[in-house]
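Worksheet for the structure shown next.
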Amino acid sequence: MLDRYSRQILFGPIGKGGQEQLGRSTATIIGCGALGTVLANNLCRAGVGRLVIVDRDYIETNNLQRQILFDEDDVARHVPKAIAAAERLRRINSDVQIEPLVDDVTADGIESLVRETDIVLDATDNFETRYIINDACIKYQRPWIYSGVIAAYGVTMNILPGRTACLRCAFPEIPLPGTTPTCDTAGVLNGIVGAISGIASTEALKILLKSPRVSRDLYWLDLWDNISERLELPRQPGCPACDEHDFTFLDAAGSSSTSLCGHNAIQVRSDTRGGRLDFALLAERLRGVGTVNYNDYLLRSLIDGYEITVFPDARAIIKGTNDEQVARSVYARYIGQ
Ligand SMILES: [Zn+2]
């Protein structure tokens, strides 16, 4: 153990005691795309004892430019991101307990995740989920780190409940869908992913070690225009989340069954009351209308120009449309209830 972490233990502010403390810590990473794979890679190699990795998506070729835990083999195998990441991380450091979760973050699931972790790292691509994370972390007094990257710039900020500004202090209103650029419209360079993840994963170590050097600023970095900025954001009196403990997003989440999930794809959920889909049976039914293949984690079918990916909990990602109604009807027609 000492040999594996010797270069980190040599660093004074961590030392042997700090290393042992990291080994007893849990970090939960929400999202396992660009930021999530680099964060998970850094924290796993650094010896954070337990890593929970949550992601709802599967791997595609266009992810490989920046999502460092995946390769061409994972694309060909149709493996969900959380599963492929866990496989890779276990080969990197078998001392770390890796818990992959192939799911969407909804209000129902997040409370238990947050209660059982020491820190949450945001690696999502949408504000809706970030506001849910913010509510849950303030409710259970857990630190979390907001991070986002787009094009050649990125931002990261530590949120220490009751001590620093929260996400709603910083951004009181959730940006309307379509008003902010996304990776699907503006692209993203892998260098900014590494830079922002490097900052956020180091802040995570500091937070886990209760270092006095934990940043209290919002940090903004643009690698193309060579600009960086630190903004000190004050807590807002009357903030609905961290001051009044009115957890609007946590209470409301779970109600939306359909959400946009990247370019030209819609996610559809269906309530199975905890039941699991029988892929063999579903594949049998779909073979008459399109091509089907499945593994333990997902079933993929090409029908009518749509690529339908179904997970065991009946959640599906319908590729080939941006229209929620169309996606719902494709789901109803081929997956049913
Ligand atoms: Zn606040």
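Key figures
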read-out: Identity of the residue in the stretch 81-110, touching a Phe, Trp or Tyr at 6+ places or on another chain (Cβ under 9 Å) and modelled with pLDDT under 95, that ends up least open to solvent (accessible area, probe 1.4 Å); value: Ala107
read-out: Test: Gly198 is surrounded by fewer than 20 Cβ atoms within 10 Å (Cβ to Cβ) and within 16 Å of the ligand (Cβ to nearest atom); value: no
read-out: Residue identified as surrounded by fewer than 19 Cβ atoms within 10 Å (Cβ to Cβ) and among the aliphatic types (A, V, I, L, M) among Leu302, Leu298, Leu277, Leu282; value: Leu302
read-out: Condition met for Val292 (among the hydrophobic types (A, V, I, L, M, F, W, C) and under 15 Å from Lys81 (Cα atoms)); value: no
read-out: Leading residue by the ranking (modelled with the lowest pLDDT) among those in the stretch 257-274 that are crowded, with 18+ Cβ neighbours inside 10 Å and more than 17 Å from the chain's Cα centre (by Cα); value: Arg269
read-out: Among (1) within 30 Å of Ser301 (Cβ to Cβ); (2) crowded, with 17+ Cβ neighbours inside 10 Å; (3) not charged (D, E, K, R), the one test that Val48 misses; value: (1)
read-out: Filtered residues of the stretch 202-250 (kept if polar (S, T, N, Q), modelled with pLDDT of 95 or more and open to solvent by 50 Å² or more (accessible area, probe 1.4 Å)); value: Thr202, Asn226, Ser228, Gln236
read-out: Single unsatisfied condition, Val330 versus (1) touching a residue at least 12 places away in the same chain (Cβ under 8 Å); (2) within 18 Å of Glu60 (Cα to Cα); value: (2)
read-out: Elements of type strands (runs of 3 or more DSSP E) in the stretch 85-182, at least 2 residues being of a type in the set (Phe, Trp, Tyr); value: 144-150
read-out: Ser147 assigned by TED's automatic domain parsing to the domain that holds Leu167 and either farther than 23 Å from Ala195 by Cα or hydrophobic (A, V, I, L, M, F, W, C) (or both); value: no
read-out: Which numbered condition Cys137 misses (of (1) surrounded by fewer than 24 Cβ atoms within 10 Å (Cβ to Cβ); (2) within 16 Å of the ligand (Cβ to nearest atom); (3) not small (Gly, Ala, Ser)); value: (1)
read-out: Matching residues, the stretch 305-336, being hydrophobic (A, V, I, L, M, F, W, C) and open to solvent by less than 50 Å² (accessible area, probe 1.4 Å); value: Ile308, Val310, Phe311, Ala314, Ala316, Ile317, Ile318, Val326, Ala327, Val330, Ile335
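For every residue, the table says whether it meets (1) within 16 Å of the ligand (Cβ to nearest atom); (2) in contact with a Lys or Arg (Cβ under 8 Å, 6 or more places away or on another chain).
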residue: Lys81; (1), (2): no, no
residue: Arg91; (1), (2): no, no
residue: Val102; (1), (2): no, yes
residue: Glu111; (1), (2): no, yes
residue: Asp122; (1), (2): yes, yes
residue: Asn126; (1), (2): no, no
residue: Ile132; (1), (2): yes, no
residue: Asn158; (1), (2): yes, yes
residue: Pro175; (1), (2): no, no
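Residues are listed down the side, and each one gets a yes or a no for (1) under 23 Å from Glu203 (Cα atoms); (2) of a type in the set (S, T, N, Q):
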{"residue": "Leu22", "(1), (2)": "yes, no"}
{"residue": "Arg45", "(1), (2)": "yes, no"}
{"residue": "Gln67", "(1), (2)": "yes, yes"}
{"residue": "Asp71", "(1), (2)": "no, no"}
{"residue": "Arg115", "(1), (2)": "yes, no"}
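The values are calculated or read from the model by the stated rules, or taken from the named source; none is laboratory data. None of these values were measured; they are calculated from a predicted model. Here the Cβ is made from the backbone with ideal geometry for all residues, glycine too, and neighbour counts use every protein chain on show. With ligands, DNA and RNA removed, areas are computed over all heavy atoms of the protein, side chains included. Shrake-Rupley method; radii C 1.70, N 1.55, O 1.52, S 1.80 Å.
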